[in-house]
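The values are calculated or read from the model by the stated rules, or taken from the named source; none is laboratory data. Since this is a predicted model, take the numbers as computed values, not measurements. Cβ placement follows ideal geometry from the backbone for every residue including glycine, while neighbour counts extend to all protein chains displayed. We work out accessible area using only protein heavy atoms, side chains counted, and drop any ligands, DNA or RNA first. Shrake-Rupley method; radii C 1.70, N 1.55, O 1.52, S 1.80 Å.
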Amino acid sequence: MVIGSARGDKAAFDLRSFEKKWETSVGGPPIIAGGTVFLGNIAQIVALDLKSGKEAWRRQTGAVTKRAWE
């Protein structure tokens with residue numbers, strides 16, 4: 001099970017023991033498919049292994065993340 005905190009962090013827990021397996025500060029809502037957790041925001045998408053939390057890959061989206069007046 002992957003849940004998010006009010007700060008935006010994510011953590012994975014074992015459903016039987018409720019032991020925390022891993023955590024990350026990567027933003028965005030978690031999407032789980034085929035043993036992979038996908039997280040992302042306007043600037044990046046990150047794939048994490050569901051069991052270990054190890055980063056499988058990270059891609060920059062190329063989106064502009066600053067406002068024109070900054």
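Tabulated data for the structure shown
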| quantity | calculated |
| --- | --- |
| Residues located in the stretch 6-44, provided they are in contact with a Phe, Trp or Tyr (Cβ under 6 Å, 6 or more places away or on another chain), among the aliphatic types (A, V, I, L, M) and open to solvent by 50 Å² or more (accessible area, probe 1.4 Å) | Ile31 |
| Residue in the stretch 45-59 that is without any contact (Cβ under 8 Å) to a residue 24 or more places away in the chain, of a type in the set (Val, Ile, Thr) and exposed (fewer than 13 other Cβ atoms within 10 Å of the Cβ) present | no |
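Conditions tested, residue by residue: (1) under 9 Å from the mean Cα position of the chain (by Cα); (2) among the small types (Gly, Ala, Ser).
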position: Arg7; (1), (2): no, no
position: Lys10; (1), (2): yes, no
position: Val26; (1), (2): yes, no
position: Gly34; (1), (2): no, yes
position: Gly40; (1), (2): yes, yes
position: Val46; (1), (2): yes, no
position: Arg58; (1), (2): no, no
position: Gly62; (1), (2): no, yes
